[in-house]
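Enquirer: Right, I'll just put the structure down here and ask away after.
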Amino acid sequence: MLFNSPVFLFCFLPVTLMGYFILNHRNHPDMAKGWLFIASLFFYSWWNPAYLPIILGSMTFNYFVGRQLNTTNKKTGKKTILTIGVMANLGLLIFFKYTDFLIENVNGLFASELSLLYITLPLAISFFTFQQIAYLVDSYKGLTGEYSFFNYGLFVSFFPQLIAGPIVHHSEMMPQFYSKENKLFSYENFIRGIFMFFMGLGKKVIIADTFAIFANYGYSDTAGLTLSDGWVTSLAYAGQLYFDFSGYTDMAIGAALMFNIKIPINFNSPYKAQSIQDFWRRWHITLSRFLRDYIYIPLGGNRNGEYKTLSNLMITFIIGGIWHGAGWTFVFWGFLHGAALIVHRVWQRANIRLPKIICIILTFNFVNIAWIFFRAEKWSDAINVLSAMFGFGTASNFTINVITDIYSLPIALFGIILLFHKNTNELLSEFKPSKKYLAQTVGLVMMGLLFLNSITANDFLYFDF
Amino acid sequence: MEAKSFLFKLATICTSLAAMIVVINYSIDIYGLFGSTSERQLRVHVNERTSKYLLSYNYIPENFEGIIVGPSLSANLNTKFIEDYKIYNASIMGANISELRFLINNIVENGNIRFVIVCLDPYLTKDHGKKSARIDPREYYGALGSTNLLKTYLIRFVRENKLFSSKFPNDIHNDYGFNNFNLTMPNDPKTMILQKVRERSPESTYIDPVAEKELDETLQYLRKKGIKIFAYFSPIPYQILQINRDNYAQYQTRMENLFEERDILLDLNDEKYQAYTADFNTYIDHGHLSEQGQTFVLEELKNALLKYVTPQNGDLSGR
């Protein structure tokens with residue numbers, strides 16, 4: 001079920017909200033949680049009920065492994081349990097996400113003819129697997145508590161964050177599910193949730209889907225791109241990805257807020273970043289946090305000398321790249337970011353300072369160029385877009401062909417302006433029930449509904465990861 | 001303001017605004033979806049695909065006894081000139097049979113049309129599938145409020161007030177579906193035809209198997225519904241046809257195989273029409289018809305219709 005679908009907005013969300021708060025109001029908190037848990041599983045299985053056993057199996061397995069970790073006192077025994085747990089999670093992810101990629105590479109390397117399995121990737125598997133690995137590691141460290149299965153299941157499957165994050169931590173979710181205060185309907189949180197949700201909806205259906213028209217057109221025939229087309233295509237995708245993913249996150253934050261649950265922010269104006277390190281503190285913040293806490297630091301972080309630090313950075317980002325998709329272009333995208341972080345670290349040591357605006361332009365352009373490898377389906381597409389951007393394309397002139405719908409241009413320009421405006425988190429923190437915000441919310445709701453009823457809706461990009 | 005009052009006001013204002021927008025659009029009913037259209041003359045303002053698709057729900061079936069379907073080659077035929085019949089030109093620029101099927105099905109299911117005229121050109125069957133998201137059943141509800149509707153109002157205003165006449169001429173579409181794109185297209189047939197001949201680059205005559213099947217299914221569906229089928233091979237400049245005669249003959253044979261004896265098939269590329277097809281003035285470019293070309297095709301269609309379909313002189317009640 002998509003957040004930007006009428007069935008979600010007018011059926012699923014109101015019914016789930018009503019059920020949850022009515023049960024809580026009648027003093028059945030466990031039933032309320034059970035209702036939310038079942039609703040979340042229903043939300044998940046809307047796409048394909050066949051995936052339901054996978055997520056249920058994964059949750060059950062991890063819940064019991066977590067309990068074992070919490071009750072076992074012997075360090076060696078705990079380590080064995082943790083290893084089994086993490087390996088099982090990774091095994092599940094590798095099987096569904098990387099099997100065909102591995103077969104393709106084996107075939108390429110050894111000229112073998114192993115058949116591809118064409119395994120369909122279960123929705124959100126990358127997200128719920130990472131979330132649960134973090135839970136197991138924290139259980140190993142003794143940082144988790146005695147949770148009931150419903151609470152644990154809700155932590156993993158809570159529908160606002162289930163499909164595309166933010167990747168939440170048990171320590172920020174579990175206490176909220178136990179809080180008595182959160183069980184009461186809050187008008188304050190509800191209107192803030194609506195404001196945030198519709199800001200996200202606007203980002204998705206108005207802006208991201210408009211950028212998508214140009215980006216999709218450009219990537220549909222990369223060989224014919226002119227110099228201007230190359231730039232419009234790459235910039236449009238940079239805009240699309242940001243507004244799409246951050247729009248989804250805003251909707252997730254807004255929907256959760258309606259249930260009095262605060263989930264962490266995932267974006268903080270990333271294209272205003274002044275360095276690549278700054279970028280990763282602003283882009284997909286919860287993934288960066290996961291990579292730092294559960295990969296970079298366990299690898300040794302910056303504790304074992306400069307060379308080891310740099311290699312840890314590179315390994316972390318290559319893993320981050322492949323987490324996004326089973327393809328060498330994703331690995332290369334991760335490598336580019338790892339390399340940029342290494343260059344940034346060396347640069348910082350040299351203590352050379354550049355004007356702020358130059359830093360922003362350099363960082364954004366690097367990120368934009370790296371996105372080409374993230375978006376391109378084939379190496380040749382990425383090379384074609386890059387060649388076109390730097391005047392080496394087959395049609396290196398200044399004609400713009402990818403802007404096929406000039407009516408969409410004002411929306412795209414508005415999107416560019418928004419990139420440098422206050423972000424949605426800042427706007428939410430300023431929100432208060434006043435006439436000004438009432439007018440803004442009405443505008444957001446009406447625009448959202450108008451675009452929702454128009455044939456522009458696309459799936460969210462991060463559903464693929 | 002209290003949060004509770006904020007929520008109440010928000011819900012009230014949004015519901016009222018949404019209801020008002022729906023009521024306004026419902027009463028304007030620019031595509032004739034929600035009420036009788038017998039006294040109305042509706043036309044395309046912008047986005048031909050969506051507009052004709054939406055007109056196919058009610059306006060076309062209610063007001064016309066026959067339709068022409070095809071790509072741009074037939075879109076600029078002004079069927080109003082065939083006065084003996086009320087024929088809507090449901091052709092769409094750049095459309096293939098997959099897209100036109102949506103319109104044909106709608107028109108047949110929602111009305112009682114007597115005949116369908118199919119413009120046969122390789123373009124119709126060179127590929128299959130929808131070329132854009134513009135033909136979508138969800139557009140029906142979009143007629144109550146959507147970006148497409150806003151765009152339609154805007155362009156209608158621009159056209160009717162002659163604000164950018166060179167780009168948006170007011171008389172480009174009429175209420176019979178005629179798309180007078182000749183107004184905005186270059187008109188240099190001789191150069192364009194001779195260039196094609198010189199470069200020996202005629203249009204491809206490839207037939208997509210799925211599209212061929214879809215055309216076949218559409219014809220069978222029409223026969224099953226008792227609708228008379230007319231089809232014509234759209235005139236191709238004689239000079240271009242000469243360099244591609246064998247391929248075109250193969251195309252024609254495969255198309256002819258889809259038709260039965262009871263269907264009426266006209267070959268407007270027959271040698272007997274050479275006076276027209278060899279005349280550059282029949283076209284505006286390498287294939288689209290000029291006014292002279294349109295008159296020639298419309299005359300031929302009219303003659304065929306008169307031979308096989310009794311005119312009702314605008315009285316559609318007996319259909």
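Enquirer: Can you tell me which residue within the range B:115-135, out of those that are touching a residue at least 60 places away in the same chain (Cβ under 8 Å) and within 14 Å of chain A (Cβ to nearest Cβ), is nearest to A:S454 (Cα to Cα)?
Expert: Per the criteria, the residue is B:R134.
Enquirer: Does A:R281 meet the test of being charged (D, E, K, R), touching a residue at least 12 places away in the same chain (Cβ under 8 Å) and assigned by TED's automatic domain parsing to the domain that holds A:F245?
Expert: yes
Enquirer: Identify, by number, the condition in (1) surrounded by fewer than 20 Cβ atoms within 10 Å (Cβ to Cβ); (2) in a loop (DSSP other than H, G, I, E, B) that A:L123 doesn't meet.
Expert: (1)
Enquirer: Looking at the range A:261-311 only, could you name the residues that are assigned to a loop (DSSP other than H, G, I, E, B), within 30 Å of A:Y187 (Cα to Cα) and of a type in the set (S, T, Y)?
Expert: Scanning the range A:261-311 gives a single hit, A:S269.
Enquirer: Yes or no: A:N105 assigned by TED's automatic domain parsing to the domain that holds A:G153, in contact (Cβ under 8 Å) with a residue 40 or more places away in the chain and farther than 30 Å from A:V15 by Cα?
Expert: no
Enquirer: In the list B:K225, B:K196, B:K213, which residue meets the criterion of being more than 22 Å from B:F296 (Cα to Cα), out of contact with any Pro (no Cβ under 6 Å at 6 or more places or on another chain) and crowded, with 19+ Cβ neighbours inside 10 Å?
Expert: After ruling out the rest, the residue left standing is B:K196.
Enquirer: Would you mind finding the one in A:F110, A:F195, A:F177 that is in the same structural domain as A:T286 (by TED's automatic domain parsing) and more than 18 Å from the chain's Cα centre (by Cα)?
Expert: Just a single option satisfies the conditions, and that option is A:F195.
Enquirer: May I ask you to verify whether A:K378 is basic (K, R), surrounded by fewer than 18 Cβ atoms within 10 Å (Cβ to Cβ) and either touching a helix residue (DSSP H, G or I) at 6+ places or on another chain (Cβ under 9 Å) or at pLDDT below 90 (or both)?
Expert: yes
Enquirer: On to the next question. Given (1) free of Cβ contacts under 8 Å to residues at least 24 places away in the same chain; (2) closer than 24 Å to A:Y20 by Cα, identify the lone condition not met by A:E146.
Expert: Only one criterion in (1) free of Cβ contacts under 8 Å to residues at least 24 places away in the same chain; (2) closer than 24 Å to A:Y20 by Cα is unmet by A:E146, namely (1).
Enquirer: Among helices (runs of 4 or more DSSP H) lying entirely in the range B:1-65, which contain 1 or more residues that are within 14 Å of another protein chain (Cβ to nearest Cβ)?
Expert: So the answer is B:3-28, B:48-55.
Enquirer: Within the bounds of the range A:190-197, is there any residue that is basic (K, R) and in contact (Cβ under 8 Å) with a residue 12 or more places away in the chain?
Expert: Taking every residue of the range A:190-197 in turn, at least one turns out to be basic (K, R) and in contact (Cβ under 8 Å) with a residue 12 or more places away in the chain.
Enquirer: Same structure, new question: Any idea which of (1) within 14 Å of chain B (Cβ to nearest Cβ); (2) crowded, with 16+ Cβ neighbours inside 10 Å; (3) under 23 Å from A:F243 (Cβ atoms) is the one A:L438 doesn't satisfy?
Expert: (3)
Enquirer: Continuing with this model, one more query. Report, by residue number, each residue of the range A:28-83 that is of a type in the set (K, R), surrounded by fewer than 16 Cβ atoms within 10 Å (Cβ to Cβ) and either in a helix (DSSP H, G or I) or touching a residue at least 40 places away in the same chain (Cβ under 8 Å) (or both).
Expert: Hits for the range A:28-83 are A:K75, A:K79.
Enquirer: Moving on to the next point. Do you know which residues across the range B:257-270 are touching a Phe, Trp or Tyr at 6+ places or on another chain (Cβ under 9 Å) and not hydrophobic (A, V, I, L, M, F, W, C)?
Expert: Those that are touching a Phe, Trp or Tyr at 6+ places or on another chain (Cβ under 9 Å) and not hydrophobic (A, V, I, L, M, F, W, C): B:D263, B:D267, B:N269, B:D270.
Enquirer: Still on this structure: Answer with yes or no whether A:A326 is hydrophobic (A, V, I, L, M, F, W, C), over 19 Å from the mean Cα position of the chain (by Cα) and either closer than 25 Å to A:T249 by Cβ or not assigned by TED's automatic domain parsing to the domain that holds A:F127 (or both).
Expert: Criteria not met by A:A326.
Enquirer: Collect the residues in the range B:138-175 that are in contact with a helix residue (DSSP H, G or I) (Cβ under 9 Å, 6 or more places away or on another chain), part of a loop (DSSP other than H, G, I, E, B) and more than 10 Å from every other protein chain (Cβ to nearest Cβ), keeping them in residue-number order.
Expert: Scanning the range B:138-175 gives B:L163, B:F164, B:S165, B:S166, B:K167, B:F168, B:P169, B:N170, B:D171, B:I172, B:N174, B:D175.
Enquirer: Ok, one more. Does A:I253 satisfy the criteria of being of a type in the set (A, V, I, L, M, F, W, C), within 14 Å of chain B (Cβ to nearest Cβ) and in contact (Cβ under 8 Å) with a residue 40 or more places away in the chain?
Expert: It is false that A:I253 is of a type in the set (A, V, I, L, M, F, W, C), within 14 Å of chain B (Cβ to nearest Cβ) and in contact (Cβ under 8 Å) with a residue 40 or more places away in the chain.
Enquirer: To continue, here is another question. How many of the residues in the range A:320-364 are in contact (Cβ under 8 Å) with a residue 60 or more places away in the chain and over 24 Å from A:K308 (Cα atoms)?
Expert: Total meeting the criteria: 9.
Enquirer: Which residues, counting only those in the range A:388-429, are surrounded by 16 or more Cβ atoms within 10 Å (Cβ to Cβ) and in a helix (DSSP H, G or I)?
Expert: A:A388, A:M389, A:S408, A:I411, A:A412, A:G415, A:L418, A:L419, A:T424, A:N425, A:L427, A:L428, listed by residue number.
Enquirer: Right, here's the next one. How many residues are more than 18 Å from B:Y31 (Cα to Cα) and touching a Lys or Arg at 6+ places or on another chain (Cβ under 6 Å) if we restrict to the range B:156-172?
Expert: So the count comes out to 1.
Enquirer: Another question, then. I want to confirm something. Restricting to the range A:303-336 and keeping residues that are surrounded by fewer than 17 Cβ atoms within 10 Å (Cβ to Cβ) and of a type in the set (S, T, Y), which single residue is nearest to A:I125 (Cα to Cα)?
Expert: The residue in question is A:S311.
Enquirer: Go through the range B:112-142 and give me each residue that's modelled with pLDDT under 90 and either crowded, with 20+ Cβ neighbours inside 10 Å or in contact with a strand residue (DSSP E or B) (Cβ under 7 Å, 6 or more places away or on another chain) (or both).
Expert: Within the range B:112-142, B:I135, B:E139 qualify.
Enquirer: Still on this model: For the range B:209-309, list the helices (runs of 4 or more DSSP H) that sit wholly inside it and hold at least 3 residues that are in contact with a His (Cβ under 9 Å, 6 or more places away or on another chain) and touching a residue at least 12 places away in the same chain (Cβ under 8 Å); which are they?
Expert: B:209-224
The values are calculated or read from the model by the stated rules, or taken from the named source; none is laboratory data. Computed from a prediction, not measured in an experiment: that's the story for all the values here. Every residue, glycine among them, receives a Cβ derived from its backbone with ideal geometry; neighbour counts consider all protein chains shown.
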